[in-house]
1. Report the residue count in segment 57-75 for those that are in contact with a helix residue (DSSP H, G or I) (Cβ under 7 Å, 6 or more places away or on another chain), at pLDDT 85 or above and over 13 Å from residue 108 (Cβ atoms).
2. Which number in (1) surrounded by 11 or more Cβ atoms within 10 Å (Cβ to Cβ); (2) modelled with pLDDT under 80 marks the one condition that residue 13 misses?
3. Which residue out of 86, 52, 19 is surrounded by 11 or more Cβ atoms within 10 Å (Cβ to Cβ) and either touching a strand residue (DSSP E or B) at 6+ places or on another chain (Cβ under 6 Å) or modelled with pLDDT of 80 or more (or both)?
């Protein structure tokens, strides 16, 4: 978000301030709002905190469950599904179907197949 669309995070920060103004009827027109971002010269300080959740979400999203395949260019996703998600007692993967008639959730039982 710091790089995409020329730093779209600034837009999100502005939209959040305007939503706050509207919700609480506060006039912030004369207030200077500062939004900070990490120094881009090296690895961002929060990189290691977001990397694991990013890989987790990416692996589940990339997984073609109908064919039980992970795109081959994402070996970290395959590793994440096989070594972290599969057979884990503390992870639940849900499938959601939303239609005009309603919504349905199903639990996906992720098991490692030993061959």
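The values are calculated or read from the model by the stated rules, or taken from the named source; none is laboratory data. Every value quoted in this text rests on a predicted model; they were computed, and no experiment measured them. No Cβ is skipped: glycine too gets one built from the backbone with ideal geometry, and neighbour counts run over all protein chains shown.
1. 2
2. Here residue 13 clears every test but (2).
3. 86
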